[in-house]
């Protein structure tokens, strides 16, 4: 058993309390520890990525308990990829927070950040549905703190909405897990994969309910129609570096759908069939449309970016909704791109807004220092998120459109995605010209604000290399994704192939169990007699209903 | 017994959903609390209802009840407790900061001293 698999969870979990309790009075120390932690996390994630790149599935059994009884962490291509993405994004965001001083505007920023990374990495790694719920709660509780970091009226209000929305979502998650457990008698993802496929179509009602409830829960995280309402307010009001980190949060929802609705509720399971696809496709289409119109209708920069995030989430979910290996390849490529593009855009927006006097209202205002440099950064990030060439968004959208070419609704999907992209481009072009070009136009600057403008900018406000580096890194990763599109896409293809053939996953978790504790070693563990005893009890109480009592008792020990 | 448990879950959920849809933070918090109670009872019941049988291995026992939902519900109770505490604090912070406890958002431009 490779103990490095649990390192992405343990490292931030140990580091965060040390930062919170020991280093709380020294921001320099906090920064150093937090950044060092992020660098180590990235190194570990890169190592795990190499480990999983050959297609092997690595299982970490907590406490060495055998699979359906103990909790497992599973490292395959998909989870390794997403942990690597998370750690790189975390590093970029931490660099920006330290350079811009965001981490000094409220307490415990770095500790919350580490807890957030712990929750996200754990959610990507876990192979147990209830454990997924627990790790979701960890990442959410850290995100509540981060979303209201440094306070302010609007931020607290939108933070409250975000918390309420997610608490309701968590309740729904538990209901879904309860239903799933009542039907299948297990919560281990690999075991669920086997059990759900054994359910005949006539008895599928409950498991279909569980699948749809889980989809709604993950849709809340991914911000899909009809539960996307929390996203624009939260992202627009959260501190910009936090919003940049939240770029991965919607992807956690997308990942969960990708994992649960292929490995467990895959289209090949008779009880589920095309159920997930039928609901996901229209919801994703409407999400793309809402994103497009939102971008066009926003009067402030931060909501505009938030709606662009919504649009890209919709596009990503469209690709997921096809549930074919090729579409999943496109989805994964687009996922990498969209995370980095969103982060870049939020970081650039932060650089810009902290230098503008008029906040983030989209109106002409005096030009900021280094107007041209900021405009160039914004331009690059905007073409990234809108999906224009030459950056990877174009390739990503192209892959998504191509993957959806085989469905019955090709014309509808293409129309919505292309019109959505057009609306995004128009919205960003308008925002960019208002923010950067209008502010330098002679007619605007000359009469009112020009004299003041020249003196108002203290030289300290310029963007140094330390401050520009994180945004540039994020943009460079987009360029990297474009240049190395071939190798990246090939790796995504292998990842998707692994995802759609869960047999290796199931075998690794349930079959290859050498070196685990033997639950039957002590006494009286015997599947058949226990199962029979339980069955009798169930019959006596009139409580055991249509599911096989044996499976329920099996999990119980 | 099934009927009692089922109607209790249904009643708690209905009351919870109604309260969550209110405009003010206090009823919403109460609603979420009721909803988590309903969820906890529901999760508890997913192992089937059984009376007077032990959940742990016991030589004298002739039958067992499923212990896993009991463990799950403990976790769920602890988490919902913590989450409710966080929610109350954030709601309190928002109410003190803005002077009202409404849940809805009004459009305010960013950048008044806090960006």
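Select from the stretch A:352-376 the residues that are assigned to a helix (DSSP H, G or I) and surrounded by fewer than 19 Cβ atoms within 10 Å (Cβ to Cβ) and write down the one among them that is nearest to the other protein chains (Cβ to nearest Cβ).
A:371
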*Counting only residues that are in contact with a helix residue (DSSP H, G or I) (Cβ under 6 Å, 6 or more places away or on another chain) and not in a helix (DSSP H, G or I), which one in the stretch A:260-271 is surrounded by the most Cβ atoms within 10 Å (Cβ to Cβ)?*
A:265
*Hey, among the residues in the stretch B:35-44 that are more than 7 Å from every other protein chain (Cβ to nearest Cβ) and within 15 Å of residue A:176 (Cβ to Cβ), which one's surrounded by the most Cβ atoms within 10 Å (Cβ to Cβ)?*
B:38
*Of all residues in the stretch A:171-192, which are more than 7 Å from chain B (Cβ to nearest Cβ), surrounded by fewer than 24 Cβ atoms within 10 Å (Cβ to Cβ) and outside any loop (DSSP other than H, G, I, E, B)?*
A:172, A:176, A:179, A:189
*Scan A:156, A:160, A:167 and give me the residue that is within 25 Å of residue B:24 (Cβ to Cβ), within 11 Å of chain B (Cβ to nearest Cβ) and surrounded by fewer than 24 Cβ atoms within 10 Å (Cβ to Cβ).*
A:156
*asked:* Quick check on the stretch A:102-114. Is at least one of its residues under 19 Å from residue A:249 (Cα atoms), within 14 Å of another protein chain (Cβ to nearest Cβ) and part of a helix (DSSP H, G or I)?
replied: yes
*Check A:43, A:80, A:53 and return the single one that is without any contact (Cβ under 8 Å) to a residue 24 or more places away in the chain and over 26 Å from residue B:87 (Cα atoms).*
A:43
*asked:* If a residue must be part of a helix (DSSP H, G or I) and out of contact with any helix residue (DSSP H, G or I) (no Cβ under 8 Å at 6 or more places or on another chain), how many such residues does the stretch A:49-100 contain?
replied: 3
_Checklist (1) within 30 Å of residue A:362 (Cβ to Cβ); (2) more than 7 Å from chain A (Cβ to nearest Cβ); (3) touching a strand residue (DSSP E or B) at 6+ places or on another chain (Cβ under 7 Å) applied to residue B:103, failing item_ = (2)
_Out of A:544, A:515, A:531, sole residue that is under 21 Å from residue A:191 (Cβ atoms), more than 9 Å from every other protein chain (Cβ to nearest Cβ), modelled with pLDDT under 90 and not in a helix (DSSP H, G or I)_ = A:515
*Can you find a residue in the stretch A:399-415 that is buried (at least 23 other Cβ atoms within 10 Å of the Cβ) and more than 19 Å from residue A:282 (Cβ to Cβ)?*
yes
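Being touching a residue at least 40 places away in the same chain (Cβ under 8 Å) and within 21 Å of the chain's Cα centre (by Cα): is that true of residue A:305 here? If you could, list the steps in order and put the result at the bottom.
Details: touching a residue at least 40 places away in the same chain (Cβ under 8 Å): yes; within 21 Å of the chain's Cα centre (by Cα): yes.
So residue A:305 passes the test.
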*Filter result (in contact with a helix residue (DSSP H, G or I) (Cβ under 9 Å, 6 or more places away or on another chain) and not in a helix (DSSP H, G or I)) within the stretch A:1-25*: A:1, A:2, A:23, A:24
*Can you name the condition, by its number, that residue A:235 falls short on among (1) in a helix (DSSP H, G or I); (2) crowded, with 19+ Cβ neighbours inside 10 Å; (3) more than 14 Å from chain B (Cβ to nearest Cβ)?*
(3)
*Within the stretch B:81-99, can one find any residue that is over 30 Å from residue A:106 (Cα atoms), free of Cβ contacts under 8 Å to residues at least 40 places away in the same chain, more than 8 Å from chain A (Cβ to nearest Cβ) and part of a loop (DSSP other than H, G, I, E, B)?*
no
*Can you confirm whether the stretch A:127-136 contains a residue that is crowded, with 24+ Cβ neighbours inside 10 Å and not in a helix (DSSP H, G or I)?*
yes
_Enumeration of residues in the stretch B:12-21 that are without any contact (Cβ under 8 Å) to a residue 12 or more places away in the chain and away from every other protein chain (no Cβ under 11 Å)_ = B:14
*Within the bounds of the stretch A:401-408, is there any residue that is within 22 Å of residue A:463 (Cα to Cα), in contact (Cβ under 8 Å) with a residue 40 or more places away in the chain, away from every other protein chain (no Cβ under 14 Å) and assigned to a helix (DSSP H, G or I)?*
no
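The values are calculated or read from the model by the stated rules, or taken from the named source; none is laboratory data. Remember, it's a predicted structure, so these values are computed and weren't measured experimentally. Positions of Cβ are generated from backbone atoms using ideal geometry, with glycine treated the same way; all protein chains shown enter the neighbour counts.
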